[in-house]
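Each remark here refers to the structure printed beneath this line.
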Amino acid sequence: MVNIVDRRLNPKDKSLANRQRFIGRARRQILDAVRDVSARRKVADIGQGGEEISIPADGLQEPGFRKGSGKGLRRHVVPGNKQYVAGDAIARPEGGQGQGGRGGSPQGEGEDVFQFTVSRDEFLDLFFENLELPDLVRTQLTKVEHQGLQRAGYSVSGSPSNLNLARTMRNSLSRRLALKRPRREETRVLDEEIDRLERSGKDPERLRALIKLREEQIVRAKRIPYIDPIDLRYNRFDPVPKPISQAVMFCLMDVSGSMTEDMKDLAKRFFMLLYLFLQRRYQHVDIVFIRHTHIAQEVDEDTFFYSRETGGTLVSPALEEMERVLRERYDPADWNIYAAQASDGDNTPADNPAVVEMMESVILPVCRYFAYIEVAEERGWEMTTDLWQVYERLVKAGRPLAMRKVKSRADIFPVFRDLFTPVELRR
């Protein structure tokens, strides 16, 4: 296998446009490579920097022109030649065969690959391409921020790039007409008449009058410029206050004793992607982290991802903690409410009625979207858990709830994209 490594420098973004065109052309291969990278990286390393991506070289070639092998004498120079001159005959290699092909693949097959490094921004852009929070609307219009510009008429001063040519020329024409600046057509007709009289030698009085009139026109044209500074008009822009769409995402993670370390790793990977997605795409999204065993607690980011506390299994305390935070800080009338839950589906049977009651009467009525991720080991993949059955009934009732199962690291990336890809873009 041959590795082609792109080590060209990119001084002052000279090849930035070419790089973007290349990424766009090979987007599908790059996206598959990014998905594989997301499965290999550690949780703490996701989104921390760029990544070396290797994609097959086949299909990356661009069409081009080359000289054909037609008749005629052709000469070319081989770079690095220090032995031969024009007219020399090159001897055959010893043994009668070429020496190429050494060090081939032991499997007998291989393919060329193209390897390059994507930056952190490119990596995250590819991760979260075409993703968004479902049904995000403007529920809070009291806060505003200056996010854009709006046309606000014209001004007599400004940047040359904002010069309004049409309005400037209209002002210039109006001024020249008002001050009776000589027009080019009038000057041309007068010059032709003067030339005709000079050639004929007739009517000297009229010739002198026309010459005097021509001199007056020249003076008037110099005094009245074609474009004057008072004619200039520039496009004026004012900052426009735009309303903020506020949203809050609740991250609920089961860390009870039934969750193995592999299951917790899958859940953490999902929430890490969700955290990076929200930080990357939205400026005004609060994130609330809630861990639960048989008790639930709102925690900070570090505790959520790295604490090793464990305990019994109850789901309703996590929903009650979410309801408490909503009641104290996030009025559904002012906020878009979202939630994502990761669990192995294990719950105490006596707690299931409380879960149904909380979801139907408190949580789902105020949520625009609730995503449930069930992590499972390979051996328990086909099993239907109690919590899955409870949530499945809610989905059939038309509640804004999405459910997916994850059994390996490779499933995290496609499941995440499936949950947050707009319906109109899904295939």
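The values are calculated or read from the model by the stated rules, or taken from the named source; none is laboratory data. This is a predicted model, so every value here is computed, not measured. Cβ coordinates were reconstructed from backbone atoms using ideal geometry, including for glycine residues, and neighbour counts include every protein chain displayed. Ligands, DNA and RNA are excluded from the accessible area calculation, which covers all protein heavy atoms including side chains. Shrake-Rupley method; radii C 1.70, N 1.55, O 1.52, S 1.80 Å.
Points worth noting:
- Between the range 268-314 and the range 392-415, the alpha-carbon center distance in angstrom: 18 Å
- At an R0 of 30 angstrom, the distance between the Cβ atoms of D418 and R393 translates into a FRET efficiency of 0.90.
- The simple Förster model, with R0 at 60 Å and r as the Cβ-Cβ distance, assigns S157 and E357 a FRET efficiency of 0.35.
- Restraint check, K264/K407; K180/K202; K268/K396, Cα-Cα greater than 20 Å: K180/K202; K268/K396
- Separation in nanometres of the label points that stand 7 Å from Cα toward Cβ, at L173 and R280: 5.2 nm
- Placing R0 at 60 angstrom, the Cβ-Cβ distance between E94 and D265 gives a FRET efficiency of 0.55 after rounding to 0.05.
- The stretch between E377 and A350, if pulled fully straight at 0.36 nm per residue, gains 7.3 nm over its current Cα-Cα span.
- Put simply, the amide H of F237, placed in the peptide plane, has neighbours under 5 Å in A152, leaving out anything fewer than 5 places away on its chain.
- Amide proton proximity set for N347, modelled H, under 5 Å, gap of 5+: D386, L387
- Neighbour-limited loop hits for chymotrypsin sites (Phe, Trp or Tyr not before Pro), the range 160-268 (at most 14 other Cβ within 10 Å; DSSP other than H, G, I, E, B): Y226
- Accessible-area value, Y84, 1.4 Å probe, nucleic acids and ligands omitted, Å²: 90 Å²
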